[in-house]
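Reviewing the structure listed below.
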Amino acid sequence: MKYTSTRNTAVSVDAATAVIDGISADGGLFVPETLPKLDYHALLGLDYAARADAVLRGFFDFDVSGVAKAAYASFDGDPAPVIKLDDRLYMLELWHGATCAFKDMALSVLPRLLPRAKAAKGNADKTLVLVATSGDTGKAALEGFKDVDGTSVCVFYPTDGVSRVQKLAMQTQSGANVLAVGITGNFDDAQTAVKRAFADASLKARLAENGVALSSANSINIGRLVPQIAYYFSAYCDLVNAGEIENGDKIDFVVPTGNFGNILAGWYARRMGLPVNKLVCASNRNNVLTDFISTGTYDVNREFYKTVSPSMDILVSGNLERLLFELSGRDAASVKFRMSELARCGRYSATADEMEKITEAFACGCADEADTRDAVAYVFDEYGYLIDTHTAVAASVAEARELARPTVVVSTANPFKFATAVLDALGEGGDGEVTEKTLDKLEELAAMDAPAQIRDVFGAAVRFDEVISPDGITAFIAERFGQ
């Protein structure tokens, strides 16, 4: 298996290098030169870890044996159960890991995958994993990489753009090799600055003098993205095994997404042979992706909103570059031009041929703040099922669609992570930030327990409270890790 760059198809590296480097030297993202096929029938009798193992083996030709089994051993039961709400509507719960969010599905795998990749290359460098987060990726990366030999992880998050629970979870993280830093900007600012650091030759040289190499735990790293493909295959297999669908029936997935990684994993699964009809892109009020899928123009020249679904408050969707590369017939020059246009003027457009391919695979919808709250209340009242505000964005979009076939809503976070907003949606006065009393109130209302790892952040000591400008990220990395 070889990987090339979305911005230069002359690039050809092995799978281990793609995982270790995280991003191509030209600023492009690594994609497989040939997408593997996977027969879902062979996965029907397997548990989740074995299904994930099959996906990993399809993409990575170094030793990945036992990685998935070890990654999911600590999950609370089935890592990705499918919950039936009615005959056409299902929830795919992806929040049974250490941080109660879907990012655990991949960030429990990557910290085990990276050392295998380094061993395959005989790479003895210390790896500095850089992460830009809108909330959940940061905590999942910190938790996944804590105390992993030969690795440090540094997370940058918008100090005023995450929930209190998300911030405390990062600020109180244990581990000798972890660091969380707030920035005075939004996620787009953090992601842009981290990508800039990856492209900074002088920074890389300074780090190399100390035996340190950069890698990424964002979904720009193919090692982060591939494990997410597995839960689409697994959900389909579970529906077949439960007799909810017949072999070969096509289903829809409704995916709440901001950075386009979650839904892109579904698109890869579809390309690999999974019978998926539509991947429905669900956006919150920051609906740049919905507009792109509807009109073919990607335009970030718009107001940025802070919403009750903060992990989706993103305007520059990093993984869309991989989709453009594939839809353009792997025309790296056109992708590179459009990424430069995005940086220069904040917009670019798809071609008519690309739009035809987008329409064939995707549908879209968006939910504003009122829609999101209404969806939390509706799903709880109608089905007695509690969802968080990010899942509610997808549930709102699903509810607005005519469900002509079985539809799976991808549920991305435990509702207690956003307890204040959930209580507010249920008409129970959820003003202010989450406290332990907020968790108590939601427990009583929903007759379910708040996860211990969410409660624990309120009693833990804050270790990291530094806040910097996003423009200072490269200098910060050089000073902190380059000496």
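To the nearest 20 Debye, how big is the dipole of segment 1-147 about its Cα centre, given +1 on the beta carbon of each Lys and Arg and -1 on that of each Asp and Glu?
My answer is approximately 300 debye.
Take the alpha-carbon positions of segment 221-367, form their convex hull, and give its projected area averaged over all directions (one quarter of the hull surface) in nm². Show your work: numbers first, answer last.
Numbers: hull surface 36.9 nm².
Answer in nm², one decimal: 9.2.
Share of Cα-Cα pairs in segment 102-174 beyond 19 Å, in percent? Intermediate results must be reported in sequence, preceding the final value.
Values: 903 of 2628 pairs.
Summing the P(r) of segment 102-174 above 19 Å gives 34 percent of all pairs.
List the aspartates and glutamates whose Cα sits under 16 Å from the Cα of LYS437, skipping any in the same chain fewer than 8 residues away.
ASP424, GLU428, ASP449, ASP456
Report the rotationally averaged projected area of segment 3-60 based on its alpha-carbon convex hull, in square nanometres.
Working: hull surface 17.2 nm².
Averaged projected area of segment 3-60's Cα convex hull equals 4.3 nm².
Could you state, as a whole-number percent, how many of the C-alpha pairs of segment 317-371 are farther apart than 17 Å? All intermediate terms of the calculation are to be shown ahead of the outcome.
On the way: 657 of 1485 pairs.
The calculated P(r) of segment 317-371 puts 44 percent of pairs beyond 17 Å.
In segment 396-459, how does Rg compare with the Kirkwood Rh, expressed as the Rg/Rh ratio over alpha carbon atoms?
Details: Rg = 14.5 Å, Rh = 13.3 Å.
That ratio equals 1.08.
Taking the alpha-carbon centroid of each part, what is the distance from segment 1-49 to segment 81-137 in angstrom?
Between the Cα centres of segment 1-49 and segment 81-137 lies a distance of 16 Å.
Using 10 Å bins from zero, what percent of all Cα-Cα pairs in segment 138-230 falls into each bin?
15, 42, 38, 5
Mind checking the log10 I(q)/I(0) for segment 276-330 at q = 0.27 Å⁻¹? Debye, one equal scatterer per Cα, no solvent, two decimals.
Evaluating at q = 0.27 Å⁻¹ gives log10 I(q)/I(0) of -1.23.
Per the Cauchy relation, a quarter of the hull surface: what is the mean projected area of the convex hull of the alpha carbons in segment 215-284, in nm²?
On the way: hull surface 19.8 nm².
Hull-based average projected area comes out at 4.9 nm².
Expressed as a rounded percentage, what relative contact order does the chain have, with Cα pairs under 8 Å and six or more residues apart? It would help to have the intermediate numbers written out before the result.
Details: 997 pairs, mean separation 93.1, N = 483.
Computed over the chain, the figure is 19 percent.
Kirkwood hydrodynamic radius of segment 99-141 from all distinct Cα pairs, in Å?
On the way: mean 1/r = 0.0871 Å⁻¹.
One over the average 1/r among Cα pairs gives 11.5 Å for segment 99-141.
With N residues in the chain, what two-decimal value do you get for its Cα radius of gyration over 2.2 N^0.38 Å?
Values: Rg = 20.8 Å, N = 483, 2.2 N^0.38 = 23.0 Å.
So the Cα radius of gyration is 0.90 times the expected 2.2 N^0.38 Å.
Give the whole-number value, in cubic angstrom per residue, of the convex hull volume spanned by the C-alpha atoms of segment 356-427.
Values: hull volume 7.0 nm³, N = 72.
Convex hull volume per residue, Cα atoms: 97 Å³.
May I ask for the percentage of alpha-carbon pairs in segment 1-132 that lie more than 27 Å from each other?
Working: 2413 of 8646 pairs.
The answer is 28 percent, as a whole percent.
Carbon and sulfur atoms: what percent of the 1.4 Å accessible area of the chain do they account for?
Numbers: 8050 of 17200 Å².
Reported share for carbon and sulfur atoms: 47 percent.
For segment 174-303, what size does the Cα cloud have along each of its three principal axes, sorted from largest down, in whole Å?
Result for segment 174-303: principal-axis Cα extents of 57, 37, 28 Å.
Using Cα centres only, tell me the gap between segment 354-371 and segment 148-180 in whole Å.
Taking the Cα centre of segment 148-180 as reference, the centre of segment 354-371 is 32 Å away.
Which three extents, in angstrom, do the Cα atoms of segment 252-299 have along their principal axes, listed largest first?
Projected onto the principal axes, the Cα atoms of segment 252-299 cover 32, 18, 16 Å.
Taking every pair of Cα atoms in segment 155-208, average 1/r, invert it to obtain the Kirkwood radius, and report Rg/Rh to two decimals.
Numbers: Rg = 13.1 Å, Rh = 12.5 Å.
My calculation of the ratio gives 1.05.
If you take the Cα Rg of segment 187-236 and divide it by 2.2 N^0.38 Å, with N the number of residues, what do you get?
Details: Rg = 15.1 Å, N = 50, 2.2 N^0.38 = 9.7 Å.
Compared with the compact-globule rule of thumb, segment 187-236 sits at 1.56.
As I understand it, the dipole of segment 259-400 uses +1 on the Cβ of Lys and Arg and -1 on the Cβ of Asp and Glu, about the Cα centre. Which of LEU289, VAL276, ALA350 lies farthest toward its positive end?
It is ALA350, whose Cα lies furthest towards the positive end.
For the chain, what is the charge dipole size about the Cα centre, in debye to the nearest 20, if Lys and Arg each add +1 at the Cβ and Asp and Glu each add -1 at the Cβ? Show your work: numbers first, answer last.
Working: 46 positive and 65 negative charges, 349 e Å.
It works out to roughly 1680 debye.
If you check each cysteine of the chain for another cysteine whose beta-carbon is under 4.7 Å away, which ones come up empty?
That list is CYS100, CYS154, CYS237, CYS345, CYS366.
Determine the percent antiparallel among the DSSP beta bridges restricted to the chain, to the nearest 5. Walk me through the intermediate numbers first.
Values: 14 of 51 bridges.
DSSP beta bridges in the chain are roughly 25 percent antiparallel.
Would you kindly state the longest site-free stretch of the chain, with sites defined as GluC sites (Glu not before Pro) in a DSSP loop (not H, G, I, E, B) surrounded by at most 10 other Cβ atoms within 10 Å?
1-245
Could you go through segment 441-451 in sequence order and give the Karplus-derived ³J(HN,Hα) for each residue, using 6.51 cos²θ - 1.76 cosθ + 1.60 with θ = phi - 60°, rounded to whole Hz, and x for Gly and Pro?
Going residue by residue, I get 5, 6, 4, 5, 5, 8, 6, 9, 8, 6, x Hz, with x marking Gly and Pro.
Put +1 on the Cβ of every Lys and Arg and -1 on every Asp and Glu Cβ in the chain; which of ASN123, HIS96, THR391 then has its Cα farthest towards the positive end of the dipole?
ASN123
If we count every other residue with Cβ under 11 angstrom of ARG196's Cβ, Lys/Arg +1 and Asp/Glu -1, where does the sum land?
Numbers: positive: LYS195; negative: ASP189, ASP200, ASP471.
Combined, the nearby Lys, Arg, Asp and Glu give -2.
Work out how far the C-alpha atoms of segment 309-429 reach from end to end along every principal axis, then list the three figures in whole Å, largest first.
Each principal axis gives a Cα extent; for segment 309-429 these are 53, 34, 20 Å.
Of LYS2/LYS278; LYS118/LYS195; LYS126/LYS146; LYS69/LYS250; LYS118/LYS417, which sit over 24 Å apart, Cα to Cα? Working shown, then result.
Numbers: LYS2/LYS278 29 Å; LYS118/LYS195 22 Å; LYS126/LYS146 14 Å; LYS69/LYS250 29 Å; LYS118/LYS417 34 Å.
Violating the 24 Å limit, Cα to Cα: LYS2/LYS278; LYS69/LYS250; LYS118/LYS417.
Would you kindly calculate the translational diffusion coefficient of segment 370-483, applying Stokes-Einstein with the Kirkwood radius from alpha carbon pairs, for 25 °C and a viscosity of 0.890 mPa s, and quote it in µm² s⁻¹ without decimals? All intermediate terms of the calculation are to be shown ahead of the outcome.
Values: Rh = 16.5 Å.
So the translational diffusion coefficient is about 149 µm²/s.
How large is the helix-only mean residue ellipticity at 222 nm for the chain, computed as the sum of -39500 (n - 2.57) over DSSP H runs with n ≥ 4, divided by its residue count, in deg cm²/dmol to the nearest 500?
Working: 21 runs with 209 residues, N = 483.
Counting only the DSSP helices, I get -12500 deg cm²/dmol.
Taking each pair of distinct Cα atoms in segment 60-181 once, what is the resulting Kirkwood hydrodynamic radius in Å?
Values: mean 1/r = 0.0643 Å⁻¹.
15.6 Å is the Kirkwood radius here.
The values are calculated or read from the model by the stated rules, or taken from the named source; none is laboratory data. Since the model is a prediction, treat every value here as computed from it, not as a measurement. Virtual Cβ from ideal backbone geometry, glycine too; neighbours counted across all protein chains shown. When the accessible area is computed, the model is the full protein with side chains, heavy atoms only, and any ligands, DNA or RNA have been set aside. Shrake-Rupley method; radii C 1.70, N 1.55, O 1.52, S 1.80 Å.
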